[in-house]
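The values are calculated or read from the model by the stated rules, or taken from the named source; none is laboratory data. Here the structure is a predicted model, which is why all the values come from computation and not from measurement. Positions of Cβ are generated from backbone atoms using ideal geometry, with glycine treated the same way; all protein chains shown enter the neighbour counts. These area figures cover heavy atoms from the full protein model, side chains too; ligands, DNA and RNA do not enter into them. Shrake-Rupley method; radii C 1.70, N 1.55, O 1.52, S 1.80 Å.
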Amino acid sequence: MIFNFGSINIDYFYSVPRLPEKGETLAAEEFAMGLGGKGANMSVAVARAGTQICHVGAVGEDGRWTKETLRKDGVDVEFVKVLDKPTGHAVINRDKDGENTIILFPGANEQQDEDVLAEALLQAKQGDFFLMQNETNLGTHAAHLARDYGLTVAYVAAPFDAEAVQTVLPYADILILNEVEMAQLQKANGQSASELSVDLVVVTKGSKGCSVFGKESGDFHLPAHPIEAVDTTGAGDTFAGYFLACLDRGFDPRKSAEIANMAAAIMATRKGTADAIPYASEVVGL
Ligand code: RIB
């Protein structure tokens, strides 16, 4: 079972001929709206990978539908609270090569309550995982608490914030980040991925695949699947959700990374975030 302390956003997608320049007004060619947020995307990925997931988070009245969408996908939403605050949202510009820029409004994601988190974790059992990222308040507290409850803490260090990462890292057993974030972390603390005192570090590298540094599993690299990417938004979240779901199902880090690598590749061939995450039946090896 995985407990995911995570953001929930309403994603507004604008397909643009190219990413806008400073001071430029640019007409979008397409618009779409859907469930997103790094936390919610990971919960959907875990659920679609066939693993039990309990999401701990917060939305506003305007985002009740996001909670319902998560529930319909098989995510336990008992600890997703509806607050008197606007739901977090993201404005996503997506260009013809599938690259993006994202502006985040955190909203209710930054109003998480310590008591709700503690109540959720009371349900955890030996061997459960705790998943988190950097789009909510209480990050360090949450990682500390989850460790105290005996959960294996998996930390997705995005959006990257050097200070947040360094305060959460002492409580993390698994660290997942992309190569830009890894370079930023190394710049901040002087340590390479293999030098970090975290049991398992996964560095995702887009079209170059991913590298895994494991104290027990050893280090290895997997190449990316050759694909025509149309939208890379949420591919990292898909990787993280699938990777953790596979570990929770008892797969070793290599097999888990292989499956996650494929799920993320499929995701990048589709437009959207949570809606575009593949189901286990589409992913070879599951
Ligand atoms: O990683 C993609 C996600 O980042 C989007 O769904 C958006 O909401 C932002 O949180």
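If the condition is being surrounded by 13 or more Cβ atoms within 10 Å (Cβ to Cβ) and over 21 Å from F160 (Cα atoms), then the stretch 2-18 contributes I2, F3, Y12, F13, Y14, S15, V16. Scanning the stretch 244-267 for residues that are touching a Leu at 6+ places or on another chain (Cβ under 9 Å) and of a type in the set (D, E) yields a total of 1. For the structure I just gave you, tell me whether T140 is within 17 Å of G37 (Cα to Cα) and hydroxyl-bearing (S, T, Y). No. Please determine whether any residue of the stretch 219-232 is within 24 Å of G74 (Cα to Cα), under 17 Å from the mean Cα position of the chain (by Cα) and either crowded, with 22+ Cβ neighbours inside 10 Å or more than 16 Å from the ligand (Cβ to nearest atom) (or both). There is no residue in the stretch 219-232 that is within 24 Å of G74 (Cα to Cα), under 17 Å from the mean Cα position of the chain (by Cα) and either crowded, with 22+ Cβ neighbours inside 10 Å or more than 16 Å from the ligand (Cβ to nearest atom) (or both). Of all residues in the stretch 94-106, those satisfying the criterion of being within 15 Å of the ligand (Cβ to nearest atom) and either touching a Lys or Arg at 6+ places or on another chain (Cβ under 9 Å) or not aromatic (F, W, Y) (or both) are R94, G98, E99, N100, T101, I102, I103, L104, P106. Does A268 fit the bill of being open to solvent by 10 Å² or more (accessible area, probe 1.4 Å) and over 23 Å from Q126 (Cα atoms)? Answer is no for this residue. Close Cβ contacts (under 6 Å, 6 or more residues apart or on different chains) running from residues in the stretch 146-158 that are hydrophobic (A, V, I, L, M, F, W, C) to residues that are within 15 Å of the ligand (Cβ to nearest atom) and open to solvent by less than 10 Å² (accessible area, probe 1.4 Å) comprise A154/L131; V156/Q133; V156/I176; V156/A240; A157/L177; A158/Q133. Can you confirm whether N109 is within 16 Å of the ligand (Cβ to nearest atom), more than 24 Å from M262 (Cα to Cα) and in a helix (DSSP H, G or I)? Yes; evaluated as a whole, the condition is true for this residue. Residue check: E179 meets all listed conditions (1) under 17 Å from the mean Cα position of the chain (by Cα); (2) surrounded by fewer than 16 Cβ atoms within 10 Å (Cβ to Cβ); (3) charged (D, E, K, R); (4) more than 16 Å from the ligand (Cβ to nearest atom) but one, namely (4).
Restricting attention to the stretch 33-61, the residues that are open to solvent by 40 Å² or more (accessible area, probe 1.4 Å) and within 15 Å of the ligand (Cβ to nearest atom) total 2. Take the conditions farther than 24 Å from Y242 by Cα and open to solvent by 60 Å² or more (accessible area, probe 1.4 Å) and apply them to E163. Does it pass? The answer is yes for E163. Total residues in the stretch 89-111 satisfying the condition of being crowded, with 16+ Cβ neighbours inside 10 Å, more than 17 Å from G272 (Cα to Cα) and under 17 Å from the mean Cα position of the chain (by Cα): the figure is 2. Within the stretch 236-286, being among the aromatic types (F, W, Y), within 20 Å of K208 (Cβ to Cβ) and out of contact with any strand residue (DSSP E or B) (no Cβ under 9 Å at 6 or more places or on another chain) holds for one residue alone: Y242.
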